[in-house]
Amino acid sequence: MEKTRPLWTTPLQFVFACISYAVGLGNVWRFPYLCQMYGGGSFLVPYVVMLVVEGMPLLYLELAVGQRMRQGSIGAWRTVSPYLSGVGVASVLVSFFLCTYYNVINAWAFWYLFHSFQDPLPWSVCPLNGNRTGYVEECEKASSTQYFWYRKTLNISPSIQESGAVQWEPALCLVLAWLVVYLCVLRGTASTGKVVYFTALLPYCVLIIYLVRGLTLHGATNGLAYMFTPKMEQLANPKAWINAATQIFFSLGLGFGSLIAFASYNEPSNNCQKHAIIVSIINSSTSIFASIVTFSIYGFKATFNYESCLNKVILLLTNSFDLEDGFLTANNLEQVKDYLASAYPSKYSEVFPQIRNCSLESELETAVQGTGLAFIVYTEAIKNMEVSQLWSVLYFFMLLLLGVGSMLGNTAAILTPLMDSKLISSYLPKEAISGLVCLTNCAIGMVFTMEAGSYWFDIFNDYAATLSLLLIVLVETVALCYLYGLRRFESEFKAMTGRALSWYWKVMWGGVSPLLIISLFIFYLSDYIITGTLQYQAWDAAQGQLVTKDYPPQALAVIGLLVATSTMCIPLGALGTLITRCLRRGDTAPKA
Amino acid sequence: MLWLLFFLVTAIRADLCQPDAENAFKVRLSIRTALGDKAYAWDTNEEYLFKAMVAFSMRKVPNRETTEISHVLLCNVTQRVSFWFVVTDPSRNHTLPAVEVQSAIRMNRNRINNAFFLNDQTLEFLRIPSTLAPPTDPSVPIWIIIFGVIFCIVLVATMLLILSGIRQHRRKNKGPSEMEDTEDKCENVITIENGIPCDPLDMKGGHINDAFVTEDERLTPL
């Protein structure tokens, strides 16, 4: 008797699971950056085009495969064709890498959340130096938010070679993060199904609250105007289209096997076409919504910095020329500067080097993405709001929800194939399997809590998933359409769900999407080859800013290993199947 | 003759207080920045108060208890408002060493600030660094307390889930092991009619008839 598969209690749980997995930190910290870099409002054009042409078809493909095969990624692709068992293994491996480093972000979010319950916020003031006459030098050179991130949170070393020791504070937070993830995946779909209600819905509540708060901030309109003014000439820039395609691809989390895992717990008659469209539209709308919030916060921060810069210049001039306090304002600054330059030329030329040119544009143009946006720029804006503790708690709680929601999908991608495998699930109950996976990931994740951990994090973030995923999804699409047969899959799917595949999906799966992925793949390969040496940003404590350095050979070896292990699984899997088949044919031949 | 002597004395005193003179300090006030609309004008009365505060600070220094207001000299008052001041000894010929004045002002900085409704940034004594307020360091950092609370909650919840899972496993293992599969299915898909779960009757291999068992439990015990 076949063991019946656990199912989602309602289809809504499945939709929420997909939403909570797809809507993650990338929507908050990568999309606004891309929007800013590639033409503001006009970036939405390539984004929507890629969504329709690449995102929806590939998402539907994965959900359909998962729902039809009713197994995790390894089993599903083995059913499609025995030569594709390597694809499933590659997916699991990439998910494993992702799990290891992604939960470190949750650990950092926990750290900031716990520190938000203080007055004043610890990243809003610099700590005092030894004799209490001034602030710590590193903090003076950088800003207090950067100091808190680089020194107090990461305790970052000057380069990747100096690993330093494991920091116990982030290590504790990492253990807590893994414990939370374990709690949510412990019981499989029974527990995950309940948790995704929160992880899918609550971030929207926080985003709405932040939207209202953000739009009412002083200077928010500057940021919004800057972002949404379309720069039409960027439409001709191929990088805009490539980045739109990449963002859609990675934002939906294709190729990790999580979507296949989630869909495998569906009822066979589930209408996953509708769900695919809903999930992809919600994911993209969330990106746009989050970027509205982000840009109002940017505008606020830029205006605040611009006004502080102006105030510093005013104070400098007032003190140097002993002008009446309050005489100089932002409005008459230029005229007074001209007057002083003509009236006291010698004194003015002494002071002149210290006068900074304050520009709102240059403040807005500082485009940041990734952990820098989430933990430095946002915290800088939050510390200037009233009741900053409340906003800080809300913000990091939202980050945690987004991060844990994505982690649920990532761990499902690893656990589902493991639990499907009869070998492992006959020896261990599912709680033990989940526990072992979480424990292993936690132990390896300790690397990221060392002093050089952030540099290793950047390596994993940039290289662990990018090339491998493109290859995996390409092989998936091509294999399903041409190896398994699109017509065969279509008839089986129609028998299962009762709905026919529309021509649009067939055209996309068969032609357009694979071509798109091939072009992305070629672009990335050529980009890596052309850039030559790979570089990273290291924090220089003496200068209080980031400097660019080259990766040492060990780091380059790790990068190569990361990409190689996952991509090599595909041909090795095919080769393995070929060899076993040949051996079996060799065994049976003499008998025949 | 007397007038000449008076001029001489004031001239000498004026020499003691000059910008960049020995033991002289520059003071800078930003009243409008600090108080906005409630800003007061800086006039000679305010200067008198300032001299009084400085004299008060000097009086707290051992050996300088006899400092009078007239010993504090102000000069070069600008529109900014900024001026220089020195503190002379009782003979009014020499100025007190800068180190003494510095330490005296540092000790009483708070009271001087409060007298003028200003703070360390808006009432600046150049070359006299202010002692910054030490951060309130609780004995146990706050974040560890919150971390401990959340950690314990999550740990307890995890333990509860694991234990209930183990208990369910044991209950399942009491029945025949082959029936584990159907039981798994029944755990997830349980149809309920009239409040009674409809487990298939052959689930426990005919040993127990669930329909009857459930009915018994619904009867009130004697």
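The values are calculated or read from the model by the stated rules, or taken from the named source; none is laboratory data. Source: prediction; values computed, not measured. Note: ideal-geometry Cβ built from the backbone for every residue, glycine included; neighbour counts use all protein chains shown. With ligands, DNA and RNA removed, areas are computed over all heavy atoms of the protein, side chains included. Shrake-Rupley method; radii C 1.70, N 1.55, O 1.52, S 1.80 Å.
Residues being open to solvent by less than 70 Å² (accessible area, probe 1.4 Å) and not in a loop (DSSP other than H, G, I, E, B): count how many of those fall in the stretch B:100-152.
21
Give the residue, chosen from A:TYR83, A:TYR60, A:TYR150, A:TYR102, that is open to solvent by less than 10 Å² (accessible area, probe 1.4 Å), touching a residue at least 40 places away in the same chain (Cβ under 8 Å) and of a type in the set (Ser, Thr, Tyr).
Just a single option satisfies the conditions, and that option is A:TYR60.
In this structure, does A:LEU183 turn out to be farther than 30 Å from A:LEU516 by Cα, within 14 Å of chain B (Cβ to nearest Cβ) and either over 23 Å from the mean Cα position of the chain (by Cα) or open to solvent by 20 Å² or more (accessible area, probe 1.4 Å) (or both)?
Here the answer is yes, as A:LEU183 does meet what is asked.
So which residues in the stretch B:34-48 are open to solvent by 60 Å² or more (accessible area, probe 1.4 Å) and either part of a helix (DSSP H, G or I) or among the aromatic types (Phe, Trp, Tyr) (or both)?
B:ASP37, B:LYS38, B:THR44, B:ASN45, B:TYR48
For the stretch A:528-548, give me each residue that is over 27 Å from A:GLN146 (Cβ atoms) and surrounded by 11 or more Cβ atoms within 10 Å (Cβ to Cβ).
A:TYR528, the sole residue that qualifies.
Quick one: which of A:GLY573, A:GLY586 is loosely packed, with under 12 Cβ neighbours inside 10 Å and either at pLDDT 90 or above or in a helix (DSSP H, G or I) (or both)?
Only one candidate qualifies: A:GLY586.
If you take the residues in the stretch B:82-93 that are within 18 Å of B:PRO62 (Cα to Cα) and in a loop (DSSP other than H, G, I, E, B), which one is most open to solvent (accessible area, probe 1.4 Å)?
Among residues in the stretch B:82-93 that are within 18 Å of B:PRO62 (Cα to Cα) and in a loop (DSSP other than H, G, I, E, B), the one most open to solvent (accessible area, probe 1.4 Å) is B:PRO90.
Pick from the stretch A:444-488 the residues that are assigned to a loop (DSSP other than H, G, I, E, B) and at pLDDT 90 or above: which of them is farthest from A:ILE160 (Cα to Cα)?
It comes out as A:GLU451.
Here is a check on your reading of the model: is A:GLN67 farther than 23 Å from A:CYS272 by Cα, more than 14 Å from every other protein chain (Cβ to nearest Cβ) and assigned to a helix (DSSP H, G or I)?
Taking the combined requirement at face value, the residue does not satisfy it.
Does any residue of the stretch A:272-279 turn out to be modelled with pLDDT under 90 and either closer than 30 Å to A:VAL49 by Cα or within 14 Å of another protein chain (Cβ to nearest Cβ) (or both)?
yes
Condition first: open to solvent by less than 70 Å² (accessible area, probe 1.4 Å) and either within 14 Å of chain B (Cβ to nearest Cβ) or not in a helix (DSSP H, G or I) (or both). Now tell me which residues in the stretch A:217-229 satisfy that.
A:LEU217, A:GLY219
For the list (1) within 14 Å of chain B (Cβ to nearest Cβ); (2) crowded, with 23+ Cβ neighbours inside 10 Å, I need the number of the one condition that A:THR10 fails.
(2)
In this structure, does A:ARG488 turn out to be exposed (fewer than 15 other Cβ atoms within 10 Å of the Cβ), free of Cβ contacts under 8 Å to residues at least 12 places away in the same chain and closer than 30 Å to A:PRO268 by Cβ?
When the stated conditions are applied, A:ARG488 passes them.
A quick yes/no check of all residues on (1) closer than 30 Å to A:GLY453 by Cα; (2) of a type in the set (Phe, Trp, Tyr); (3) in a helix (DSSP H, G or I):
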residue	(1), (2), (3)
A:ALA500	no, no, no
A:TRP505	no, yes, yes
A:SER513	no, no, yes
A:LEU525	yes, no, yes
A:TYR528	yes, yes, yes
A:ALA538	yes, no, no
A:ALA542	yes, no, no
A:VAL547	yes, no, no
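A:VAL313 fails exactly one of the following numbered conditions: (1) within 14 Å of chain B (Cβ to nearest Cβ); (2) crowded, with 17+ Cβ neighbours inside 10 Å. What is the number of that condition?
Status for A:VAL313: all satisfied but (1).
Filter the stretch B:57-81 down to the residues that are touching a helix residue (DSSP H, G or I) at 6+ places or on another chain (Cβ under 8 Å), within 21 Å of B:ARG127 (Cα to Cα) and either open to solvent by 50 Å² or more (accessible area, probe 1.4 Å) or in contact (Cβ under 8 Å) with a residue 40 or more places away in the chain (or both) and list them by number.
Matches in the stretch B:57-81: B:SER57, B:MET58, B:LYS60, B:VAL61, B:LEU73, B:LEU74, B:CYS75, B:VAL77, B:ARG80, B:VAL81.
Taking the condition of being in contact (Cβ under 8 Å) with a residue 24 or more places away in the chain and either more than 24 Å from B:ILE150 (Cα to Cα) or open to solvent by less than 20 Å² (accessible area, probe 1.4 Å) (or both), how many residues in the stretch A:189-216 meet it?
15
Kindly indicate the residue of the stretch B:15-28 that is away from chain A (no Cβ under 14 Å) and within 36 Å of the chain's Cα centre (by Cα) and also most open to solvent (accessible area, probe 1.4 Å) among those meeting that condition.
Among those that are away from chain A (no Cβ under 14 Å) and within 36 Å of the chain's Cα centre (by Cα), it is B:ASN23.
Which number in (1) touching a Leu at 6+ places or on another chain (Cβ under 9 Å); (2) open to solvent by 20 Å² or more (accessible area, probe 1.4 Å); (3) within 14 Å of chain A (Cβ to nearest Cβ) marks the one condition that B:ILE31 misses?
(2)
Does the stretch A:91-102 include one or more residues that are touching a Lys or Arg at 6+ places or on another chain (Cβ under 8 Å) and assigned to a helix (DSSP H, G or I)?
Within the stretch A:91-102, none of the residues are touching a Lys or Arg at 6+ places or on another chain (Cβ under 8 Å) and assigned to a helix (DSSP H, G or I).
Take A:LEU235 and tell me if it is outside any loop (DSSP other than H, G, I, E, B), open to solvent by 10 Å² or more (accessible area, probe 1.4 Å) and more than 18 Å from A:PRO32 (Cα to Cα).
In short, no.
Regarding the stretch A:34-50, can at least one residue be identified that is polar (S, T, N, Q), under 28 Å from A:LEU439 (Cα atoms) and open to solvent by less than 10 Å² (accessible area, probe 1.4 Å)?
The answer is no; no qualifying residue exists.
Results for (1) open to solvent by 20 Å² or more (accessible area, probe 1.4 Å); (2) at pLDDT below 85, shown as yes or no for each residue.
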site	(1), (2)
A:THR294	no, no
A:TYR348	yes, yes
A:ALA367	yes, yes
A:GLY372	no, yes
A:ILE376	no, no
A:LEU390	yes, no
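I'd like to check something: does the stretch A:275-288 contain any residue that is under 25 Å from A:LEU360 (Cβ atoms), part of a helix (DSSP H, G or I) and in contact (Cβ under 8 Å) with a residue 24 or more places away in the chain?
Yes, that holds for at least one residue.
Within the stretch B:61-81, can you find the residues that are closer than 30 Å to A:GLU324 by Cα and part of a loop (DSSP other than H, G, I, E, B)?
The answer is B:ASN76, B:VAL77, B:THR78, B:GLN79, B:ARG80, B:VAL81.
Here are some conditions: (1) in contact with a helix residue (DSSP H, G or I) (Cβ under 8 Å, 6 or more places away or on another chain); (2) of a type outside the set (D, E, K, R); (3) under 30 Å from A:GLN13 (Cα atoms). A:SER285 meets all but one. Which one does it not meet?
(1)
Tell me, which residue of the stretch A:123-146 that is within 14 Å of chain B (Cβ to nearest Cβ) and within 18 Å of A:THR371 (Cβ to Cβ) is surrounded by the fewest Cβ atoms within 10 Å (Cβ to Cβ)?
Once the filter is applied, the top-ranked residue is A:SER144.
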